[in-house]
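Take a look at the structure below.
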Amino acid sequence: MAGIYIHIPFCKSKCRYCDFTSYPSKLGLADAYMACVYKEMKLRAKELKGKLFDTVYFGGGTPSVIDAMSIVGCMNLIRSEYNLAKNAEVTIEINPGTADKEKISLYKKAGINRFSIGLQSANDAILEDIGRIHTAEDFVKTSALLQGENLSADIMIGLKNQTQQDIFSSVDLAVKCGAKHISMYALTPEDGTPIYSDYLNGELPDSDEVADQYEKAWNYLKEKGFYRYEVSNFSKPGFESRHNLNYWRRGEYIGFGVSASSFMNNRRFTNTRDLDDYIKCIMTNYYPVVDDAVIEGEDAKFEMVMLALRTSEGLSLAKYKNTFGTDFPVDFFEPLKKNVEYLVCENGRVHIKDEYLYVQNSILMDFLR
Ligand code: SF4
């Protein structure tokens with residue numbers, strides 16, 4: 001089973017923390033861009049014949065800012081050119097205030113069955129400060145159009161002037177509006193983004209404070225019946241993101257559009273982040289790939305370990321042996337010995353103890369060779 005990712009790089013405006021590939025000023029290019037995405041999908045279709053895809057994910061950017069018929073067109077094309085499983089999970093990211101009843105009805109008719117809404121915070125002053133175009137009320141209205149659907153909400157922590165109560169209120173709002181899945185990410189102030197000056201001015205909470213916010217939010221989510229299945233992802237049982245689980249299980253996926261990444265036949269490759277270059281390449285029948293590498297040997301082993309240890313299910317020892325022909329405890333004897341107090345080995349799997357999952361990066365450094 002494999003996944004399909006489609007990147008829609010348009011937004012209404014740029015958030016102050018945004019380091020994603022998104023072009024607020026180029027929305028006028030959306031139709032031309034989508035024609036290129038269709039062409040890229042057709043170009044790749046032949047080599048992917050025989051692969052069964054069981055998830056599709058429209059991410060961005062803001063997929064919901066473009067014409068809904070472009071999304072419908074993508075789904076039609078996937079069904080005609082690719083082998084899409086009947087029970088495929090099909091997700092679209094939506095920003096509050098950018099999708100109305102008609103759009104959502106078209107999405108549903110096209111087979112979209114999972115909706116991920118960018119709430120970020122229930123505090124309007126914080127939303128304004130980070131440059132979001134919506135209010136908490138917009139989130140309420142958009143999620144009201146999706147009642148009964150499989151709903152996920154994104155929440156950010158580590159923001160300026162954000163209290164623990166703000167984070168609890170964001171969780172409360174998401175849950176009240178029907179979210180069965182919550183992605184909770186700490187702000188990463190990237191150099192070159194406007195929010196970086198807040199970081200330089202010491203206006204953002206430090207890493208210990210953010211870790212504390214996270215810990216309390218996790219406990220709060222537990223009380224609400226959510227469990228953590230990946231370091232930043234929480235769901236009610238049965239509402240995990242199948243698309244993202246496939247990434248962490250080192251499953252295959254193909255990405256279309258500007259900056260989209262793929263992992264197929266042991267190759268990782270990524271499209272250009274430049275919209276004009278992307279369009280030019282596709283128009284001249286070239287794949288717009290800028291990074292392309294076969295992942296093998298020690299790199300492949302580390303990759304599987306690193307991805308699996310982000311999750312609560314952890315690493316399957318049998319899968320490791322089947323993939324590489326060697327034993328995980330033998331290959332990683334030294335780092336395992338060093339980190340034994342942080343790990344659990346049970347039922348043929350190894351995972352990081354719950355209380356250390358948030359600091360998994362420092363544990364994983366020891367596994368890197
Ligand atoms: S909505 Fe998302 S992709 Fe768009 S500018 Fe904001 S953070 Fe970036």
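The values are calculated or read from the model by the stated rules, or taken from the named source; none is laboratory data. Model, not experiment: these values are computed from the prediction. Counting neighbours? That spans all protein chains shown, and the Cβs are built from the backbone with ideal geometry, glycine included.
Quick test for you: out of Gly257, Gly238, Gly251, pick the one residue that is under 19 Å from the mean Cα position of the chain (by Cα), buried (at least 20 other Cβ atoms within 10 Å of the Cβ), within 30 Å of Ile117 (Cα to Cα) and small (Gly, Ala, Ser).
Numbers: Gly238 fails: buried (at least 20 other Cβ atoms within 10 Å of the Cβ); Gly251 fails: buried (at least 20 other Cβ atoms within 10 Å of the Cβ).
When all the criteria are applied, what remains is Gly257.
Helices (runs of 4 or more DSSP H) wholly in the range 120-195 with at least 2 residues that are more than 14 Å from the ligand (Cβ to nearest atom), under 19 Å from the mean Cα position of the chain (by Cα) and at pLDDT 95 or above - which ones?
Working: elements: 124-129, 136-144, 164-176.
Fully inside the range 120-195 and qualifying: 164-176.
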Practice problem: Could you look through the range 335-369, keep only residues that are of a type in the set (D, E, K, R) and under 13 Å from Val305 (Cβ atoms), and pick out the one that is surrounded by the most Cβ atoms within 10 Å (Cβ to Cβ)? | Solution: Arg349
Quiz item: Out of (1) assigned to a helix (DSSP H, G or I); (2) farther than 17 Å from Phe115 by Cβ, the odd one out for Cys15 is which?
Solution: (1)
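Would you mention how many residues in the range 84-108 are part of a strand (DSSP E or B) and not aliphatic (A, V, I, L, M)?
Initially, the range 84-108 is screened for residues part of a strand (DSSP E or B), giving 84-94.
Then drop every residue that is not not aliphatic (A, V, I, L, M), which leaves 86-87, 89, 91, 93.
Result for the range 84-108: 5.
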Quiz item: Would you pick out the residues in the range 76-94 that are closer than 15 Å to Tyr57 by Cα and touching a Phe, Trp or Tyr at 6+ places or on another chain (Cβ under 9 Å)?
Solution: Leu77, Ile78, Tyr82, Leu84, Ala85, Ala88, Glu89, Val90, Thr91, Ile92, Glu93, Ile94
Quiz item: Of the conditions (1) in a loop (DSSP other than H, G, I, E, B); (2) within 16 Å of the ligand (Cβ to nearest atom); (3) surrounded by fewer than 18 Cβ atoms within 10 Å (Cβ to Cβ), Gly50 fails just one. Which one is it?
Solution: (2)
Exercise. Answer with yes or no whether Leu29 is assigned by TED's automatic domain parsing to the domain that holds Glu102, in a helix (DSSP H, G or I), of a type outside the set (Phe, Trp, Tyr) and surrounded by fewer than 16 Cβ atoms within 10 Å (Cβ to Cβ).
Key: no
Practice problem: Just give me the residues in the range 99-119 being within 11 Å of the ligand (Cβ to nearest atom) and either outside the structural domain of Lys51 (by TED's automatic domain parsing) or surrounded by fewer than 20 Cβ atoms within 10 Å (Cβ to Cβ) (or both), in sequence order. | Solution: none
Self-check item: Residue within the range 74-91 that is surrounded by fewer than 17 Cβ atoms within 10 Å (Cβ to Cβ), more than 10 Å from the ligand (Cβ to nearest atom) and either under 30 Å from Pro194 (Cβ atoms) or hydroxyl-bearing (Ser, Thr, Tyr) (or both) present
Solution: yes
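Here is a yes/no grid of residues against (1) of a type in the set (Gly, Ala, Ser); (2) in contact (Cβ under 8 Å) with a residue 40 or more places away in the chain:
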{"site": "Ile94", "(1), (2)": "no, yes"}
{"site": "Glu137", "(1), (2)": "no, no"}
{"site": "Thr163", "(1), (2)": "no, no"}
{"site": "Asp172", "(1), (2)": "no, yes"}
{"site": "Val175", "(1), (2)": "no, yes"}
{"site": "Ser183", "(1), (2)": "yes, yes"}
{"site": "Asp191", "(1), (2)": "no, no"}
Quiz item: Taking the range 1-30 on its own, how many of its residues are over 14 Å from Ser64 (Cβ atoms), of a type in the set (Val, Ile, Thr) and more than 10 Å from the ligand (Cβ to nearest atom)?
Solution: 1
Quiz item: Has the range 26-44 got any residue that is modelled with pLDDT under 95 and in contact with a strand residue (DSSP E or B) (Cβ under 9 Å, 6 or more places away or on another chain)?
Solution: no
